[in-house]
1. Report, please, the projected area of region 84-186 averaged over directions, based on the convex hull of its C-alpha atoms, in nm².
2. Taking the Cα centre of the chain as origin and charging only Cβ (+1 Lys, Arg; -1 Asp, Glu), how large is the dipole, in debye to the nearest 20?
3. Please state the equivalent ellipsoid semi-axes for region 265-305: what are the square roots of 5 times the Cα gyration tensor eigenvalues, largest first, in whole Å?
4. Suppose only helical runs count, i.e. DSSP H with n ≥ 4. What mean residue ellipticity at 222 nm does that imply for the chain under -39500 (n - 2.57) per run, divided by all residues and rounded to the nearest 500 deg cm²/dmol?
5. Taking 1 over the mean of 1/r across every pair of different Cα atoms in region 10-100, what Kirkwood radius in Å do you get?
6. Could you check the simple spin-label distance between Ser31 and Arg253, using points 7 Å along Cα→Cβ, in nm with one decimal?
7. Using the Cα centre of the chain as origin and beta-carbon charges of +1 (Lys, Arg) and -1 (Asp, Glu), tell me which of Gly456, Gln47, Ile151 is placed farthest towards the positive end of the dipole.
8. Among DSSP beta bridges lying fully in the chain, give the percent that are antiparallel, nearest 5.
Amino acid sequence: DKMEDGMGTVKQQISRLFKNSLSAAFPEESSVEPAVAVCTQKSGDYQCNNAMGLFSKIKGKTKEFKSPNAVGQAIVRNLPPSEIIESTSVAGPGFVNVILSNKWLAKYIQSMLLDGIEKWAPVLSVTKAVVDFSSPNIAKEMHVGHLRSTIIGDTLARMLEFSNVEVLRRNHVGDWGTQFGMLIEYLFEKFPNWEDIGEQAIGDLQDFYKASKRRFDEDPSFKERAQLAVVRLQGGESRYRDAWKKICEISRREFDLVYERLGVHLEEKGESFYNLYIPKVLEELTNKGLVEESEGARVIFIEGQQIPLIVVKKDKGFNYASTDLAALWYRLNVEEAKWIIYLTDAGQQMHFQMVFSAARLAGWLPKDDNETPKVTHVGFGLVLGSDGKRFRTRSSEVVRLAELLDEAKDRSKAELRKRLEDNGKLADWTEVELDQTAEAVGYAAVKYADLKNNRGTNYTFSFEQMLNDKGNTAVYLLYAHARICSIIRKSGKDIEELKKTKSIVLGHADERILGLNLIQFAEV
Ligand code: ARG
């Protein structure tokens, strides 16, 4: 927090006032930082919670204060005069409640309106970040878990970008690993002329994956060839590299269609990208004495963990963890990111804790979590169907994201059509307009439903709920926005002109609540 006076979030500004008050009232306790929070009671907008703690610190040293409440009174008496504060009160054991001045609130909102919301972007100590999100696996399903990762990850990336952080949006796709042996062998077997055929000929990659897996499980000679194919691919044989590329390319097209529909931008740096760096990184970790032999594998033991982190498998192959160590090394040293954020379901928490611990042992990361560079695993709960089990569709066992987005769009289009019909207005709309609106509403509904649910817990996917036009949904928000636009349009006034010539007045109690929420934008 390196802010000049009169700058920063409202909370920072109020904290500054209390800092002054605390050091005036209790000069001996200069280390006490103001504890300011949004007030949960009606009696205030913000509150300062220092009195109780201070009281127990000083009661042995001075007789001046008989209770925490008296400490609270002293804090209030020493507050410097400020246009921000309308009134203060001291509650119970010294909680200082602050009510903000209506005039100041209105002034603050007016300047947000005139200067643009960008001016209130939080100031962060980090300048460059990696957000590792979405990250589906080639040829396997891109499922609702990846959808959550995509939506939450994009949102975090947007918030950081809004706060003037340079963000590397990384799609850490699973494009490397033993499954490629069987995929490539199956491609050779099924399509001898695979080099010349278009992607469409191969058809659905998930079906292709399943079929190759069946071959792998049933035919020992196929299995043997598949295992050999992995070795040849990793050895860089061109025929195998080309086949691998072809398979990745098909997956990528499918993924991109989903990203395009969601309006999410990502840059792919898949697992294969880091493969090259693994040996060097493991050598460094070995030289630092972190890697040991255990039951034929090479592992890193981490204090407090029962099982070690395996970094080289028994068969000498690298794995998910070795790739993540190399990726972390690359992001810290080559990309020089100061904050690296990973989005996966909560089930991978242990994996990331171990990778982070290994990096800390290696001295790549500071011991103190608050110092940079820092790493964060943002885990999330599962998406459930109405039956309380993992979300599935009628048609297939897994939910294909494209189908899910289709359904969101179709449902919102049907509803839109019905309403226009009821109002006799359907004829005014072109098919393109219907489609565009249905897409905006349908996809937003999916995103918003995900974001409004608690991130950490499982949530139940329901088209009915997310497309409800009356609840806390994207449909309602978009409706409110469209209405506001229409009010402005119908006023016949120029909005820029209005902004400059009219001043904001918070007359009604609801307007004040709205105003308070607006000014808390940056701190939220
Ligand atoms: N591909 C993984 C999965 O589908 C997610 C990768 C997350 N990122 C990472 N650096 N490990 O579960």
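Each value in this text was obtained by applying a stated rule to the coordinates, not by laboratory testing. Source: prediction; values computed, not measured. All Cβ positions, even for glycine, are placed from backbone atoms using ideal geometry, and neighbour counts span all protein chains on display.
1. 12.2 nm²
2. 1520 debye
3. Each semi-axis is the square root of five times an eigenvalue, giving 26, 13, 10 Å.
4. Computed ellipticity for the chain at 222 nm equals -16000 deg cm²/dmol.
5. Mean inverse Cα-Cα distance, inverted, gives 12.9 Å.
6. Computed distance between label sites Ser31 and Arg253 equals 6.5 nm.
7. The listed residue farthest towards the positive side: Gln47.
8. 50 percent
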